[in-house]
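Here is the structure we will look at, set down as C-alpha cells.
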Amino acid sequence: MLRGPGAIDLGLTVNGEAVRVHVPPRRTLLDTLRQSLGLTGSKRVCDEGTCGACTVIVDDRPVYACMTLAIACEGKHVETIEGLTKDASGEGERGLHPVQRAFIDADAFQCGFCTPGQIMSIVALLRATPSPTEDDVRRAVAGNLCRCGAYPNIVAAGVNAGRRKK
Amino acid sequence: MPRVVKSREEFEGEVYESLVLVEGSDLPQLDGAEHTQIAHARRRIDGTQRVSGHARYTQDIYLPGMLFVRVLRSPYPRARVRRIDTKKAEALPGVRGVLHRFNAPKAAFRGEDTIFREEVRFVGDEVAAIAADDEDTAAEALRLVEVDYELLPHVVDLEEAIGDMAPPLETDGNVAESATHKRGDVRKAIRDADAVIDATYRTSTQLHNSLETHGAVATWDGERLTVYESTQHVFGVRQGLRTALGLPFSKIRVICDYMGGGFGSKGGVGKYSIVASLFAMRLGRPIRCILTRDEENLAAGNRSATLQQLRLAGKDGRITAIEHTSWANAGQGKWVANPTGPTNTIYDVPNLTSKSYKVITNAGALSAFRAPGYVEGTFALESAVDELAIKMGVDPLALRRKHAGSPKDPMGGKRYSDKHLLECYRIGAKEIGWERRRSGGLRGSALYRRRGIGMATQIWGGGGGPPAYATVHVNPDGTAVVTAGTQDIGTGTRTVLAQVCADELGVDLADVDVRIGDTETPYGPISAGSITLASVGPAVRIAARDAKEQLLGAAAGVLETPKAELRLEAGMIVSKGARTRLGEILGKVDNNTVIGKGGRHPNDPDLSQRTFGAHFAEVEVDVRTGEISVEHVVAVHDIGRIVNPLTARSQVEGGVLQAVGFALTEERFLDRATGRVMNGNLENYKVPTVRDVPAKITVKFVDRPDRRANNLGVKGLGEPPIIPTAGAIANAVANATGARVRHAPLTRARVLEALAVAGARA
C-alpha cells in the first residue's frame, strides 16, 4: 500500500505496549521515540549512524534508531532503555535490569549520554550470548562511542552482567 | 560577620589574585581517623537516573508549544554580508521568526555588540537563525534564505597565517604575544653546554566532540527568562545572558541538571543561548536551539593546533637551559592557552626563556579543551627532554629526577603546598618495569614489531579556591539535601559532595541527596580547571558541620542532655548509652528544617597549590605499517586525598583514553582553499572506540592529603590524566624504533616518515 507523502498513521509495539503515531514517512524511529512518544532516553548525537547513542532493540536485534525509519518498524517490537526498568516506582535500584545494575556497580559511565545506547547493545548481546567474553562485549559495543572513555568499565559491566544472569 | 579577604587561585595555568567574602573560620583539616564515606569507593548516587534513561539532559527538554531553531552559517571563511533576503523563507508555512544582522537587536557577546557579524570570519559563523514549528521546517527555510556575500581574502592554516603572504586579519597583524617568561641566562648556558638539542614540534587541532552538542532551551514568561543549557557553568551563562540581553540577574535563571560532556568547551554563554533567548522574548514561546554534530565541529570550539620550537641544553648530567617558543592557532578566539606553562614550572632548570604567541585565523574560535595548552606543551617539552637525554647518553627518567624534586615553584618562587612527584616516578617505574628498558628498544611479538618504554611528567593546578558556597538542609525525617551552584559534567560531583556531607554530618550516604546545576542555588564556580571538588567540597563540609551543630543543639533540648555529650553517627543521635534516630528527634520539633551554610575559605597566598603526576607507556610499533599498539599505560597521580577511589580511577582511565585520541588519531582537517572543516563528523574525525583502549591501564595514586590546600586536603583530577600520555607514547615509540615523531597525532603516515628518516640516518 502506497502511503505518504504527508504524515501517516502507523502502529508499532514500544516496550510491550501497542502505540499509534502520526508522522511523516521520512521521520526516523529516533525522532519518533523522542518527540512523538516522549522517550528521550535514546540520544541523538550524530544522527547518521556513526556513534551508537540511539541504539534500541527492534525484534531482538540492536539497531541505530537514527538510521531506521519509523515506518519500517510498523508491526515490530521496539525496546528502548525506558523499557528495561521493570518497576520505576521501586525506590533506587530495585527493578533495574541486570545490565543497568552492572553499569552502576562497575562505574561504566561518566556523563552518561552514551549509556542508554551502550546498555541496549549489551542487552541484545546477552540474549544471543548469555555469558559473553570481554571480546564479545567489545564487539557488541564497537559501534558505541563514549567520549568520556569509560570503555574499560563498560566491558567489565558487560561481562559481569552475563555472569550475574546465570 | 562576613569579611573580605585576599585569595590567590590558579586556574588553567594562570594565577589570579582576588578579593573574596568569607564568614566565620575554616574547619581544621580533616583528621586521620577512619571516615565513614571519604576514601571509600562509592557508586554514583545518580547512577539509577543515568542508566535508566530518566536523567534529563538539555537535549531532552521538550516543552509545550516549543519552536525549533536552526542557524544559517557562513559557507565562506571570510566575507562581508551585504544583503539578506528572507522573504521566501518567511513565506514557508510553519516559519515563526527570523533573526539576522539587519533585524536582530544589539546583543553583546565576547567584546562585540552583535551575534550576527557584518564580516563573517570562519566557515560556520552565524549569519541568520530561523524559528519554526519543527526542525524539518526550520532546516528547509534555511535553504530559502538568500545572502549576498562579498568574499574577502582569508587564511586558516597556522603556519601560513604567521608568514608574510597572509592577509592581515586584525589591524595589528595575525600574531600577538600572549605570555612570556625569562629566568637566568639561556645564551650562556647553551654556549657552555655539553649537548644541545633543537627541534620543532607540532600538534594538530583536536575537536571536543562532546556527545551532547552545545545547545539551549529558553522560555520567557513576560518577566523572567529561564534557560536550560548544556553547560559547565550555570552562573557563567547567566552572566553572559545579562551582558547580551541587559536583563538583571534576578530575572534570569539557568538550569543544567544533567549534561553530556563539555571537556572545557561549555564554559559560558553561546550564541545559540542568546538566539534562543531573543526568540523566546520576541515570540513568547519556548525556543530550542541545539547544534547539529556538523555545527558542533565548526563553531563550538577546539584545541588549538600548535607549532613549537624547543632548544634544550645539558651539562654534567643535568638540564641547564630551555628555550621554548610556541604559536597556537586561536582561530577567531579572543584568548589562547599557553603551551609553555608546563615548561616554566615542571623542572627547576635555572636558565629559561619562553614565549607564547596567539595566531588569529579564519577558523572557528578555540575553547578550553581539558588542560588547554598543557597537553600540547607537555607533548613537545617531554619529547625534547627525552631527545636531550638520548643525546647526553643518560637515562631519561634519571635526568628528570634531578629537576623534579624541588619543593618550590621555579617560576614564582613560592613553596608548593605539597608535592610528591618523585614518589610518582618511583611508583610508575616499578609498575611499568622501567628496569627492562634498553636504549635500543626491545624485541616485539613479531620480527617486524619493535617494543619500547617511555614516560612523561605532568603538572597542573586543581587547587581550587573561593568563591564557592553550599547549604545543607536537614529535613524532619533526618534526610539531608546538599545545595550548591556547581555542575556534574560526568566527573561524579554529586557523589563526592554527598560523601563529604554524609561523612561530616554523620548520616548514611543513602540519606543525602544533592541539588546542583541551577542559578537559584548558592554560587559555585565553573566546572573546569579541575577545581570543583577542591572549591565546593570544603564549603559542603562547613555547611554540614554547621547543620550538625544545630542538630546537636536541638537534640540536647529534646533529650535534655548537655550538647557536649551528644554525637551524630549514621543518622543516630548518640549519647551515653542511648541511640535515638535523628528523624525521631526532629519529629518532636514542629516541622523543622535545619539549614547549614558553608563557604570556601581562601588559599594560603604564600603557597602554590599544584597537582603532579607521571605516565609511563609501553608500546609496540609495526615497522611495516607504522601502527602503534599501546600495550600498557601506567598513570600515577599526586592530587591529595582521594575521596572516591572508584570514580577517581574512572577519571584517570577516561583521561588516558582521550589522550590516546590526541596522541594517535584525532585531528581536524581544514581545507586551506575553502576554509571548510573536512571531517566535522564522527565518521572521519577519529574519536577512540572500545577497540582503541590500551591493552592494560594501571592507575595509582600517591593518596596523601594536601594539608595546606584546604580543609579536605583534596585537589583536582579532571585534567591531569590527559596531560602526559602523548609524550609518554612518543617517547616509547622513539625508544622502540629510534624514530622520533614530532607531530601529534602520531599517525601511521608520520610514524613511517620518521622511520624512514631514522633508517636513512642509521
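Only the coordinates and a few stated rules stand behind these numbers; no lab work does. What you are looking at is a predicted structure, and each value in this text was computed from that prediction instead of being measured. Quick reminder, even Gly has a Cβ in these numbers, built from the backbone with ideal geometry, and neighbours come from all protein chains shown.
Sort the following peptides by mean Cβ neighbour count (other Cβ atoms within 10 Å, averaged over residues), highest first: B:35-47, B:233-245, B:721-733.
B:721-733, B:233-245, B:35-47
Under 5 Å between amide hydrogens, which residues at least 5 positions from B:E627 or on another chain qualify, with H placed 1.01 Å from N in the peptide plane?
Residues meeting the criterion, in which the H sits 1.01 Å from N, are B:D622.
Let me make sure I get this right: for region A:89-165, a, b and c are the square roots of the gyration tensor eigenvalues over alpha carbons, sorted descending. Under 1.5 in a/c it's rounded, otherwise prolate if a/b > b/c, else oblate. Which is it?
oblate
What distance in nm separates the two pseudo spin-label positions at A:R26 and B:L21, each 7 Å out from Cα along the beta-carbon direction?
So the label points at A:R26 and B:L21 sit 5.5 nm apart.
List the aspartates and glutamates whose Cα sits under 17 Å from the Cα of B:K315, skipping any in the same chain fewer than 8 residues away.
Answer for B:K315, where 17 Å is the Cα cut-off: B:D185, B:D192, B:D194, B:D198, B:E323, B:D348, B:D386, B:E387, B:D395, listed by chain and number.
Does chain B come out rounded, prolate or oblate by the C-alpha gyration tensor, with a ≥ b ≥ c the root eigenvalues, rounded set by a/c under 1.5 and, if not, prolate when a/b is larger than b/c and oblate if not?
Cα axes put chain B in the oblate bin.
Would you mind pulling out the separation of the Cα centroids of region B:343-406 and region B:459-485, in Å?
36
What percent do you get for the relative contact order of region B:613-682 when only Cα pairs under 8 Å and 6+ apart count?
20
Can you give me the span-like helices of chain A, meaning DSSP H runs with 15 Å or more of Cα extent along the axis and Kyte-Doolittle mean at or above 0.0?
Those that pass (Cα extent of 15 Å or more, hydropathy at least 0.0) are A:115-128.
Between A:R61 and A:R94, what is the spin-label point distance in nm, taking each point 7 Å from the Cα along the Cα→C-beta axis?
Going by the 7 Å Cα→Cβ label model, 3.9 nm.
Got a sec? How would B:H403, B:H615 order by Cβ neighbour count within 10 Å, fewest to most?
Ascending number of Cβ neighbours within 10 Å: B:H403, B:H615.
Grab the beta carbon distance between B:T674 and B:Q29, set R0 = 51 Å, and tell me the FRET efficiency rounded to 0.05.
Between B:T674 and B:Q29 the formula returns 0.30.
Quick check on the protein assembly as shown: take the gyration tensor over C-alpha atoms, sort the square-rooted eigenvalues as a ≥ b ≥ c, and tell me if it's rounded (a/c under 1.5), prolate or oblate.
Note, shape of the protein assembly as shown comes out rounded.
For B:D590 and B:K106, what is the calculated FRET efficiency with R₀ set at 30 Å and r taken between the beta-carbons, to the nearest 0.05?
0.05
Taking amide H atoms as placed 1.01 Å from N in the peptide plane, list the residues 5 or more away in sequence, or in a different chain, whose amide H sits under 5 Å from that of B:K315.
Distant-sequence amide H within range of B:K315: B:D194, B:T320.
In sequence order, what are the phi-derived ³J(HN,Hα) couplings for region B:278-285 according to the Karplus relation 6.51 cos²θ - 1.76 cosθ + 1.60 with θ = phi - 60°, rounded to whole Hz, with x for glycine and proline?
4, 5, 4, 6, 7, 9, x, 10
For the pairs B:K419/B:K715; B:K182/B:K355; B:K6/B:K419; B:K6/B:K414, flag any whose C-alpha to C-alpha distance is greater than 19 Å.
The answer is B:K6/B:K419.
With each label point set 7 Å from Cα along the Cα-Cβ vector, what nm distance links B:S250 and B:D703?
With each label point 7 Å from Cα toward Cβ, the separation is 5.0 nm.
Across the residues of A:148-160, average count of Cβ atoms on other protein chains within 10 Å?
6
Mind sorting B:L144, B:L72 by how few other Cβ atoms lie within 10 Å of their own Cβ, fewest first?
B:L144, B:L72
Residues of A:39-52, mean number of Cβ from any other protein chain within 10 Å of their own Cβ, rounded to a whole number?
6
When ranked by the protection proxy of mean other Cβ atoms within 10 Å per residue, highest first, what sequence do the peptides B:541-548, B:101-108 form?
B:541-548, B:101-108
Expected output is a single nm value to one decimal: the length gained when fully extending between B:D194 and B:R567, i.e. 0.36 nm times separation in residues minus the C-alpha distance. What is it?
Here the segment from B:D194 to B:R567 would lengthen by 127.7 nm.
Between B:E170 and B:E118, take the C-beta separation as r, use R0 = 22 Å, and let me know the FRET efficiency to the nearest 0.05.
The value I calculate is 0.90.
Any idea what the relative contact order of chain B is, in percent, if you count C-alpha pairs under 8 Å spaced at least 6 apart?
Worked out over chain B, it gives 17 percent.
Please give the Cα centre distance for region B:204-274 versus region B:524-559, rounded to the nearest Å.
Spelled out, the Cα-based centre of one part sits 27 Å from the other.
Work out the mean other chain Cβ neighbour count within 10 Å for the residues of B:113-125 and drop it here as an integer.
0
Compute a Gaussian network model of chain A, connecting alpha carbons closer than 10 Å, and tell me which residue from A:C111, A:C146, A:C73 fluctuates the most.
The residue that fluctuates most here is A:C111.
Going highest first, how would you order B:503-515, B:248-260 by mean Cβ packing within 10 Å?
The packing order, highest mean first, is B:503-515, B:248-260.
Before anything else, pin down the relative contact order of region A:89-165: Cα pairs under 8 Å, at least 6 apart, normalised by residue count, whole percent.
Rounded, it is 46 percent for region A:89-165.
Which percent, nearest 5, of DSSP beta bridges in chain A are antiparallel?
Counting only bridges with both partners in chain A, antiparallel ones make up about 90 percent.
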